[in-house]
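The values are calculated or read from the model by the stated rules, or taken from the named source; none is laboratory data. It should be emphasised that the depicted structure is a prediction, and the values quoted were computed from it without experimental measurement. Because the Cβ atoms are built from the backbone with ideal geometry, glycine has one as well, and the counts that use them run over all protein chains shown.
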Amino acid sequence: MPAMQTVVPRSRERPRGRIRNVGQAVGSRMRVIVDLARCQGHGRCYDLAPDVFEPDDRGHVEVAVRGDLPPVLRTDAEIAVGNCPESALRLSQSVPKTSTKAARS
C-alpha cells in the first residue's frame, strides 16, 4: 500500500488586492489622506485597519489617528490603502525638517 501524503494548504489570511510598498525613509513621518468625494463607504479600510480607520454616521471613512501615523500601524494602513476600491485613501510621507543651526554645522 502506498504511503499517504499530507498536503498543508497555504495560509488564507494574506491580504487580497493591491498592496503598495511605500518605502519608508528613516525618520520619516507618515499621514493618512482621505478623499471624501471618492469614498463610497465599502468599509474595507476600517475592516482591515480598525486602529487607523473608523466609520462615520453614514458608513464613510474617518481617520482614527490624529497627526502622524505611529510606525506600528503603518503596515495595516498600507494594506487598507491598497485595498480601497475607490482609491480614496493615500499615505503622505514627509521627512522631518532639520533645524537651520544643525544644517549649517
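Filter the range 25-47 for residues that are under 12 Å from residue 89 (Cα atoms), surrounded by fewer than 17 Cβ atoms within 10 Å (Cβ to Cβ) and hydrophobic (A, V, I, L, M, F, W, C) and give the result.
Those that are under 12 Å from residue 89 (Cα atoms), surrounded by fewer than 17 Cβ atoms within 10 Å (Cβ to Cβ) and hydrophobic (A, V, I, L, M, F, W, C): 33, 36, 37.
For residue 50, are the conditions met, namely being more than 20 Å from residue 93 (Cβ to Cβ) and under 11 Å from the mean Cα position of the chain (by Cα)? Walk me through it before giving the result.
Numbers: more than 20 Å from residue 93 (Cβ to Cβ): yes; under 11 Å from the mean Cα position of the chain (by Cα): yes.
It is true that residue 50 is more than 20 Å from residue 93 (Cβ to Cβ) and under 11 Å from the mean Cα position of the chain (by Cα).
In the range 52-89, which residue that is in contact with a strand residue (DSSP E or B) (Cβ under 6 Å, 6 or more places away or on another chain) and surrounded by fewer than 16 Cβ atoms within 10 Å (Cβ to Cβ) is farthest from residue 35 (Cα to Cα)?
Top of the filtered list is 68.
Hey, does the range 80-96 have a residue that's in a helix (DSSP H, G or I), out of contact with any Lys or Arg (no Cβ under 8 Å at 6 or more places or on another chain) and either of a type in the set (Lys, Arg) or at pLDDT 95 or above (or both)?
There is no residue in the range 80-96 that is in a helix (DSSP H, G or I), out of contact with any Lys or Arg (no Cβ under 8 Å at 6 or more places or on another chain) and either of a type in the set (Lys, Arg) or at pLDDT 95 or above (or both).
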